[in-house]
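J.: Once you've had a glance at the structure underneath, I'll fire off some questions.
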Amino acid sequence: MIDVIVVGGGPVGCYAAFVLAGEGIEVLVLEEHPAIGYPVDCSGVVGAEAFDAFDLSREPILDEVRMVRLISPSGESLSYRSAEPFAYVTDRAAFDQVIARKALDVGAVIQTGCRVVDLRPAQAAIEVVIEEERRGAAEGRYDGKGGQRTFLARMAILAGGPWYKLQEKLGMGTPKALLRTAQAEMEVVGLPEAQVLFGRAVAPGSFAWFLPFRREGHLFARVGVSSREPALPYFKQLHERFRASGYLADPAPSARAWVIPIAPLSRTVADRVLAVGDAAGQTKPTTGGGLFYGLLCAQFAAGTAAEAFRAGDFSARFLERYEKRWRQRLGPELKVASFFRGLFERMTDTEIDQCFQIVGTDGLLGRLSRRVHFDWHKDVILTMLRQPALARIFFRGLFR
Ligand SMILES: Cc1cc2nc3c(=O)[nH]c(=O)nc-3n(C[C@H](O)[C@H](O)[C@H](O)COP(=O)(O)OP(=O)(O)OC[C@H]3O[C@@H](n4cnc5c(N)ncnc54)[C@H](O)[C@@H]3O)c2cc1C
């Protein structure tokens, strides 16, 4: 019998394990892939605040972000600059690994190469059924078909990213909205500025990005698309666009397609179970970034689990305090951000262009810039919606 099994050795699962183990609770993290951090499905941009807020090592930082150019459907551009870096480009695998190391250092155990395939209620415990990786499985990729084993735990924390089979089975639901993504990393020739691109032809309902960074003296970029529609075709067009401009040499980079939840589960607790991170849909509805909110909620989840051990009560009713805490902290942000996403998704390319023109005049960009925060978007959204000229455009789609 193990105290807590964490399903998924991503940053959020490992961070929850770190907090729990620090409380003297026995934790086993089960990760399906053979190595922590791989494969990478992320741009690895981490807001400056996160390193201090979660006491994270800066070792995985590759580069800083001080400037981003926003590009409208017709090619108008607005630049946001900050004197200090507002975010950092990290080596995302190394980012996960330093958090895993933190957890190991305080006594958590991490077992790789085993996928959790079921959770079942048991006598004063929960059964965690795992499928072990088949010997000789392809490097870096889970390839099941090994034997099954069952662990018994007092509690389980679901931190397996955007897969919702177990959550559905436990009555937690699934996120109401997902973004599809496609991204690749490649060498770049002479375009050292970060870009975010908008428009129906580029990334319907969302945005595309070009994120340059230096690694060992060479310039690379993570180039990607998020969209409500399958993203790979849009990625191919985007890649062609930058290649035609002479910035990318690789003629056929292999992009990875993935998904991001942009709405939380209706419920993130069940008897003896908590869900956290992407597994709970705890991301920013605007951008889909999930590292900051996931780590924050891992603190709430681990704190609540520690209280459950002290009280000897693992019922959903007791664990609901986790749900209350994280919703109290993130609820207002999520509400405003997902309302804004709803408005944005209804906008035509012409309307997006009009917004760019308005923001670019009368010092509005400067006023908005003062409200920008990498992980907290409510303020800047409300400031935009309070500008009558912008609000007229944002709300137009609601009446169409
Ligand atoms: C293209 C793209 C770009 C992104 N860019 C950013 C960004 O720049 N900044 C940002 O903040 N966020 C970004 N995100 C979102 C971010 O990657 C996620 O929010 C973050 O990874 C969530 O962490 P997690 O630990 O909850 O889940 P994950 O990182 O998905 O980790 C889950 C882990 O659980 C394992 N697992 C899954 N199921 C099981 C199972 N049944 N049994 C055992 N193990 C299992 C997986 O192998 C994985 O290791 C991006 C996402 C995408 C797709």
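The values are calculated or read from the model by the stated rules, or taken from the named source; none is laboratory data. Nothing here was measured: the structure is a model prediction, and the numbers come from that model. Virtual Cβ from ideal backbone geometry, glycine too; neighbours counted across all protein chains shown.
J.: Need a quick list: strands (runs of 3 or more DSSP E) entirely within segment 217-316 having at least 2 residues that are in contact with a Ser or Thr (Cβ under 8 Å, 6 or more places away or on another chain), over 23 Å from CYS14 (Cβ atoms) and near the ligand (Cβ under 9 Å from one of its atoms). Before the answer, list the steps.
T.: Working: elements: 218-227, 256-261, 273-275.
Per the criteria, 218-227.
J.: State all residues of segment 79-117 that are assigned to a loop (DSSP other than H, G, I, E, B) and either within 28 Å of PHE213 (Cβ to Cβ) or more than 12 Å from the ligand (Cβ to nearest atom) (or both); if no residue qualifies, say none.
T.: SER82, ALA83, GLU84, PRO85, PHE86, ASP91, VAL106, GLY107, ALA108
J.: Only one of (1) of a type in the set (S, T, N, Q); (2) under 17 Å from the mean Cα position of the chain (by Cα); (3) not assigned by TED's automatic domain parsing to the domain that holds GLY9 fails for GLN97. Which number is that?
T.: (3)
J.: Pick out the one residue from THR174, THR181 that is more than 30 Å from GLU320 (Cα to Cα), touching a residue at least 60 places away in the same chain (Cβ under 8 Å) and outside any helix (DSSP H, G or I).
T.: THR181
J.: Shifting gears a bit: Within the bounds of segment 378-396, is there any residue that is without any contact (Cβ under 8 Å) to a residue 60 or more places away in the chain and within 28 Å of ILE99 (Cβ to Cβ)?
T.: Yes, there is a match, as at least one residue in segment 378-396 is without any contact (Cβ under 8 Å) to a residue 60 or more places away in the chain and within 28 Å of ILE99 (Cβ to Cβ).
J.: Residues to consider are GLY9, GLY37, GLY13; find the one that is outside any loop (DSSP other than H, G, I, E, B), small (Gly, Ala, Ser) and within 16 Å of the ligand (Cβ to nearest atom).
T.: Values: GLY9 fails: outside any loop (DSSP other than H, G, I, E, B); GLY37 fails: outside any loop (DSSP other than H, G, I, E, B).
Going through GLY9, GLY37, GLY13 in turn, the sole match is GLY13.
J.: Sticking with this structure for a sec: In segment 19-34, which residue that is assigned to a loop (DSSP other than H, G, I, E, B) and within 8 Å of the ligand (Cβ to nearest atom) is surrounded by the fewest Cβ atoms within 10 Å (Cβ to Cβ)?
T.: Going through the qualifying residues, I end up with HIS33.
J.: Does ARG81 satisfy the condition of being surrounded by fewer than 16 Cβ atoms within 10 Å (Cβ to Cβ) and of a type outside the set (Phe, Trp, Tyr)?
T.: When the stated conditions are applied, ARG81 passes them.
J.: Restricting segment 175-202 to residues that are of a type in the set (Val, Ile, Thr) and within 12 Å of the ligand (Cβ to nearest atom), which is nearest to CYS355 (Cα to Cα)?
T.: Looking at the filtered set, the residue picked out is VAL196.
J.: Testing ILE71 on (1) loosely packed, with under 14 Cβ neighbours inside 10 Å; (2) away from the ligand (no atom under 16 Å from the Cβ), one condition comes back false. Which one is that?
T.: Of (1) loosely packed, with under 14 Cβ neighbours inside 10 Å; (2) away from the ligand (no atom under 16 Å from the Cβ), only one is false for ILE71: (1).
J.: On to the next question. Please determine, by comparing only the residues of segment 96-123 that are at pLDDT 95 or above and exposed (fewer than 14 other Cβ atoms within 10 Å of the Cβ), which one is farthest from LEU166 (Cα to Cα).
T.: Ranking the candidates gives ASP105 first.
J.: Here's something else I'd like to know. Can you find a residue that is at pLDDT 95 or above and either among the acidic types (Asp, Glu) or more than 30 Å from MET347 (Cβ to Cβ) (or both) anywhere in segment 241-254?
T.: Among the residues of segment 241-254, not one is at pLDDT 95 or above and either among the acidic types (Asp, Glu) or more than 30 Å from MET347 (Cβ to Cβ) (or both), which makes the answer no.
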